[in-house]
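Everything below concerns the one structure shown next.
The values are calculated or read from the model by the stated rules, or taken from the named source; none is laboratory data. Just so it is clear, the model here is predicted, and its values are computed rather than measured. No Cβ is skipped: glycine too gets one built from the backbone with ideal geometry, and neighbour counts run over all protein chains shown. These area figures cover heavy atoms from the full protein model, side chains too; ligands, DNA and RNA do not enter into them. Shrake-Rupley method; radii C 1.70, N 1.55, O 1.52, S 1.80 Å.
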Amino acid sequence: MKKIDRLKSIQLIVLAVLIVITAVIIAMNKGLYHTIAVDSGARLMFMMLWVALGTSLIFLVLDFNNFSKLKSDYRELDYAVHSDPVAGIANRYSSDSIIEKYLDKPLPAGIGCIMIELSNIQETNKLYGHLAGNKMIRDFSNILKIAAVNLCFAARNGGNKFLVLFEDCSDERIERFLARIEQKVGAHNSEPGTHPIEYKYGIAYNENNDKITTITELIALSDRRIRNS
């Protein structure tokens, strides 16, 4: 799309320059101006030239308008594809796009993973209904989105689970992320009228384990550690 945008911009600039040059030539050349004024054939030719230039300009403006709408539709489609409709953050498709970079490759040393599970979502759905459960998912997703800034990638992995991937991981970055989550969940739970968020997580990073050689095995390990916690 950037290439098309650049091409249309060049076309508009060239057309504008041609219109200006033509107008200047007619205004500066008195003989040409007189010829156009008295010669019906020359006048018709220049009228057709100006009509062609004006029509081209109109169609270019329409192209820019249609292209702007197309880009807006593309952004909305991209958001719909990559964003979870309930959580409002990245979805399973987005996380798969990152995971694919590491498939069939040795697991890089800097990759870390946290699988997070909302542990009271089923109870909330049962007691207060699915609308309350969906609100809890959205609230926790907003917390994840803020906590992940400049640290990691966070996505809803489906159901009540969230996947967090660190591509440049360290113990300090994991601790900082978890501290942000704890602080913001605590602030959320202290607000009156809110259903408290309860969560648990499993961490897989810097494993030194011969059985953990791929990113999918690392993610599976973080998921198992939730259940074993």
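Label separation (H130 vs L57): 5.7 nm, computed from points 7 Å beyond Cα along the C-beta direction. All other residues whose Cβ lies under 9 angstrom from that of Y201 are scored, Lys and Arg at +1 and Asp and Glu at -1, for a net of +1.
The length gained on full extension between L178 and Y93, counted as 0.36 nm times the residue separation minus their Cα-Cα distance, comes to 28.2 nm. For the range 149-210, the carbon plus sulfur part of the accessible surface works out to 42%, probe radius 1.4 Å.
Counting other Cβ atoms within 10 Å, keep those with at most 15, restrict to DSSP loop, and tell me which GluC sites (Glu not before Pro) in the range 137-194 are left. Numbers along the way, then the final one.
On the way: sites: E167, E172, E175, E182; in loops: E167.
Here the GluC sites (Glu not before Pro) that fit, given the DSSP loop and packing criteria, are E167.
Between the amide H of Y199 and those of S119, distances stay under 5 Å, these residues lying 5 or more places away or on another chain, with hydrogens modeled in the peptide plane.
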